[in-house]
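As structure tokens, the structure follows; a few thoughts come after it.
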Amino acid sequence: MNRNKSRILFGIVGLLAGALGADMSIAAGTSPELQQAQALFKPLPANMGTAEFPVTPERVALGRALFFDPRPSLDGTVSCARCHQPALYGTDALPLPIGVKDRANPRNSPTVLNAAQEFAAHWRGDRINVEDQATKALIGPPSFGQPDFATAMAKIEAIQGYPAMFKQAFPNDKNPVTAENWGKAIGAYERTLVTPAPFDAYLKGNIKALSPAALSGLQKFISTGCASCHNGVGVGGGMYQKFGLVEDYWKETGSKKIDTGRFDVTKNPADMYVFKVPSLRNVAMTAPYFHDGSVATLPEAVRVMGQVQLGKKLDSKDIEEIVAFLNSLTGTLPKNFSTVPTLPPGAFQAAK
Ligand code: HEC
Ligand code: HEC
């Protein structure tokens, strides 16, 4: 079938869909480029809840309050939102974040947006999922800095209002104020933090959702080989890979400290300099880049990737087009993230 005939056919299908009251933004058409993209990437789901980790309104409300509350931390200054700020798309714009008692973190803050659908959490995959991540943050020395879970949970229990919220969120638990439930509640909230973008509209069939520059960039992203690692729902977030396949990464990033990556977690020599392939959703909003925040701008990060992962010198036009595609991955912030919750009132209580 030639292109004109297929266009006419899709026109008829479109008219029929319109007559039946179908959603035209979904049934708008297709193209070989779109089919190729649909084979490599998937649109975001409405939320990231699972049977094991359901998104119930009570858990989400509790988790949202806890996410913004600094009082469970050792010195009362650290909430999740300190390093994952809504106004900065769930990051903090620092190469390396500062946590409790001004302690520096060893790695850059990734965004919490869409993070729950990734196959593992943290740059080196040393957390199973968002629930595990949130629970362990309570006792992370440069994070909340609590000596143990009991101390952390006692602080939360002492804030009037929280015990009842935990009871509502976990009605079957006798003592619901636990570190595990803290993780499950914050995890439920994070599982609602989905940011549908123009690229999702495109994948769902709205072939006009991407600008011509973004479309060329998508083609370049695929033909250059970026999508062999950055693919799926997250355009990344689905596998581990060595950073610096072709050339040592620090020669291009200028990293001062060399992080051996997943090797430190597994002690397996094959995991030397291996990191999680990060999701590129909202990447235009989450500078600086890489596990150590060593690169400040997106065009430079794209150049480094071409060089150290693929052995390709991308020229400025290639980079510009790829960045135009990456811009189409910037989604709308969910309302329950771009606005703040009201927390149960009360002063921070220092440890005695
Ligand atoms: C002091 C800054 C800081 C605080 C506070 C903090 N985080 Fe993070 N967060 C980070 C850093 C840094 C990483 C990456 C750590 C690594 O890979 O070693 C991270 C990673 C994550 C990830 C994994 C994202 C991914 O792509 O792998 C999630 C989810 C997350 N944090 C959520 C939270 C939640 C929920 C809280 C509160 C319970 C929290 N963070 C508190 C800095 C912080
Ligand atoms: C062989 C796998 C692989 C290929 C191919 C690849 N990447 Fe990456 N990408 C990674 C890994 C691993 C990282 C994380 C590096 C680190 O530790 O900071 C990354 C990080 C990035 C980042 C930084 C994201 C952030 O949040 O800091 C961008 C942007 C990026 N890649 C874009 C691209 C582009 C564009 C291409 C094609 C030119 C590409 N990548 C090709 C594996 C790959």
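If you go through region 121-156 and keep only what is surrounded by fewer than 16 Cβ atoms within 10 Å (Cβ to Cβ) and either assigned by TED's automatic domain parsing to the domain that holds Gly236 or not in a loop (DSSP other than H, G, I, E, B) (or both), you end up with Ala150, Thr151, Ala154. I want to confirm something. Restricting to region 262-311 and keeping residues that are of a type in the set (Lys, Arg) and either more than 21 Å from Ile128 (Cα to Cα) or away from ligand 1 (no atom under 16 Å from the Cβ) (or both), which single residue is surrounded by the fewest Cβ atoms within 10 Å (Cβ to Cβ)? This residue is Lys267. A count restricted to region 30-63 and to residues that are of a type in the set (Asp, Glu) and in contact (Cβ under 8 Å) with a residue 12 or more places away in the chain stands at 2. Across region 312-351, the qualifying residues are those that are outside any loop (DSSP other than H, G, I, E, B) and of a type in the set (Val, Ile, Thr), and the one among them that is surrounded by the most Cβ atoms within 10 Å (Cβ to Cβ) is Ile322.
Filter region 219-259 for residues that are among the β-branched types (Val, Ile, Thr) and within 11 Å of ligand 2 (Cβ to nearest atom); which is nearest to the chain's Cα centre (by Cα)? This residue is Val235.
When region 151-164 is filtered for residues that are within 29 Å of the chain's Cα centre (by Cα) and either away from ligand 1 (no atom under 16 Å from the Cβ) or among the small types (Gly, Ala, Ser) (or both), only Ala152 remains. Screening the candidates Lys174, Lys220, Lys208 for the property of being buried (at least 17 other Cβ atoms within 10 Å of the Cβ) and either at negative phi or β-branched (Val, Ile, Thr) (or both) yields one hit, Lys220.
Quick grid of which residues meet (1) surrounded by fewer than 19 Cβ atoms within 10 Å (Cβ to Cβ); (2) under 17 Å from the mean Cα position of the chain (by Cα); (3) within 18 Å of Glu180 (Cα to Cα):
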| site | (1), (2), (3) |
| --- | --- |
| Gly49 | yes, yes, yes |
| Val60 | no, no, yes |
| Arg64 | no, yes, yes |
| Phe67 | no, yes, yes |
| Tyr89 | no, yes, no |
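When region 64-120 is examined, which residues are found to be assigned to a helix (DSSP H, G or I), more than 6 Å from ligand 1 (Cβ to nearest atom) and without any contact (Cβ under 8 Å) to a residue 24 or more places away in the chain? If the condition is that a residue be assigned to a helix (DSSP H, G or I), more than 6 Å from ligand 1 (Cβ to nearest atom) and without any contact (Cβ under 8 Å) to a residue 24 or more places away in the chain, then Ala81, Ala87, Asp102 are the ones that fit.
The values are calculated or read from the model by the stated rules, or taken from the named source; none is laboratory data. Since the structure is predicted, the reported quantities are computational estimates derived from the model, not experimental observations. As a convention, Cβ positions derive from the backbone with ideal geometry for all residues, glycine included, and neighbour counts pool all protein chains shown.
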